[in-house]
Amino acid sequence: MWNSVWNGQRQVRYESANIFSPYKHFLFSLLYSAFYKPNHLLEVIDHPKYQESKRIAIFLSMPDEVQTEEIIKDIFKQGKECFIPRYKLQSNHMDMLKLSSAEDISSLALTSWNILQPSDDDTAREEALAGGGLDLIFMPGLGFDKKGNRLGRGKGYYDTYLERCMKHPRGKPYTIALAFREQICESVPVTENDVPIDEILYEDC
Ligand SMILES: Nc1nc2c(c(=O)[nH]1)N(C=O)[C@@H](CNc1ccc(C(=O)N[C@@H](CCC(=O)O)C(=O)O)cc1)CN2
Ligand SMILES: Nc1ncnc2c1ncn2[C@@H]1O[C@H](COP(=O)(O)OP(=O)(O)OP(=O)(O)O)[C@@H](O)[C@H]1O
């Protein structure tokens with residue numbers, strides 16, 4: 001869905017820049033910076049579940065994941081509340097802690113697994129389930145199949161967190177995985193703990 005519409009537009013822009021061959025780099029970069037938005041951002045912003053969600057959890061991307069920074073900026077632009085993971089080493093415990101603004105990301109430190117997250121002694125942030133719960137969770141993952149099965153990084157953080165969500169009065173949030181096309185597999189192995197994802201948005205690398 002993303003690919004057909006947006007690759008189509010990029011192709012047209014590229015070819016029309018070629019007609020003005022001496023200026024093509026200049027024209028191309030001008031058009032690119034004026035119109036280009038990452039595919040997943042457009043898809044997310046138009047998504048009815050995103051539009052109706054007030055409290056959203058989203059991961060801070062590692063280099064090999066779909067980049068989420070622009071979505072996070074939009075969450076704040078739309079006046080929604082944003083929560084990010086803080087996992088505990090040597091356990092499958094993870095909390096979703098409130099981010100106060102997009103700029104707040106720069107106050108976070110990298111963990112030993114190269115993920116930005118609030119430090120263990122940061123006790124001031126609201127945990128999503130201590131308050132009103134979550135409407136939507138954007139999920140990371142290594143691989144997905146079209147039935148909504150997810151292969152994570154093997155620590156059980158998200159499945160355990162979804163179990164906790166189900167006990168909250170708000171109930172299970174809607175889950176959307178952000179993936180690259182290359183991460184979609186015929187089938188991924190699942191266990192009884194794995195909670196299927198409601199929807200997978202994927203795009204080309
Ligand atoms: N961006 C992002 N944040 C996230 C996740 C994620 O998948 N992506 N998580 C999703 O759960 C949690 C963190 N889970 C992680 C689990 C394993 C590794 C990791 O690097 N594992 C090493 C081996 C570590 C070891 O066993 O000592 C590896 O795979 O090489 C990283 C994050 C919470 N935050
Ligand atoms: N809801 C749960 N309750 C208790 N243990 C769980 C739960 N979900 C997963 N686990 C345990 O966590 C371990 C890893 O689970 P799994 O392979 O599903 O992780 P993952 O989904 O790939 O990882 P992650 O969510 O951290 O990216 C397994 O040993 C599993 O038994």
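The values are calculated or read from the model by the stated rules, or taken from the named source; none is laboratory data. What you see is a predicted model; the values in this text were computed from it and never measured. Heads up, the Cβs are rebuilt from the backbone with ideal geometry, glycines too, and the neighbour counts pull from every protein chain shown. What goes into the accessible areas is simple: the full protein's heavy atoms, side chains included, and nothing from ligands, DNA or RNA. Shrake-Rupley method; radii C 1.70, N 1.55, O 1.52, S 1.80 Å.
Tell me which residues, restricted to the stretch 58-96, are assigned to a helix (DSSP H, G or I), closer than 12 Å to Leu116 by Cβ and open to solvent by 10 Å² or more (accessible area, probe 1.4 Å). Correct list: Glu69 only.
Residues being more than 14 Å from ligand 1 (Cβ to nearest atom), closer than 20 Å to Lys167 by Cα and touching a Lys or Arg at 6+ places or on another chain (Cβ under 6 Å) are represented in the stretch 52-75 by at least one member. Residues that are hydrophobic (A, V, I, L, M, F, W, C) and in a helix (DSSP H, G or I) were ranked within the stretch 43-57; the one that is nearest to Phe180 (Cα to Cα) is Val44. Taking residues in the stretch 170-199 that are touching a residue at least 12 places away in the same chain (Cβ under 8 Å) and on the phi > 0 side of the Ramachandran plot, and partners anywhere that are crowded, with 16+ Cβ neighbours inside 10 Å and not in a strand (DSSP E or B), the pairs with Cβ atoms closer than 8 Å and at least 6 places apart or on different chains are Gly171/Gly133; Gly171/Cys165.
So which of Ser106, Ser119, Ser101 ends up being over 19 Å from the mean Cα position of the chain (by Cα) and surrounded by fewer than 15 Cβ atoms within 10 Å (Cβ to Cβ)? When all the criteria are applied, what remains is Ser119.
Within the stretch 71-102, the residues that satisfy the criterion of being more than 16 Å from ligand 2 (Cβ to nearest atom) and either among the polar types (S, T, N, Q) or at pLDDT below 95 (or both) are Gln78, Ser100, Ser101. For the stretch 169-194, the set of residues classified as under 23 Å from Asp64 (Cβ atoms) and either aromatic (Phe, Trp, Tyr) or not in a strand (DSSP E or B) (or both) consists of Phe180, Arg181, Glu182, Gln183, Glu186, Ser187, Val188, Pro189, Val190, Asp194, listed by residue number. The set of residues in the stretch 138-168 that are within 25 Å of Gln67 (Cβ to Cβ), open to solvent by 20 Å² or more (accessible area, probe 1.4 Å) and away from ligand 1 (no atom under 16 Å from the Cβ) contains only Lys146.
Report, by residue number, each residue of the stretch 43-62 that is over 13 Å from the mean Cα position of the chain (by Cα) and modelled with pLDDT under 95. Of everything in the stretch 43-62, just one residue is over 13 Å from the mean Cα position of the chain (by Cα) and modelled with pLDDT under 95, namely Asp46.
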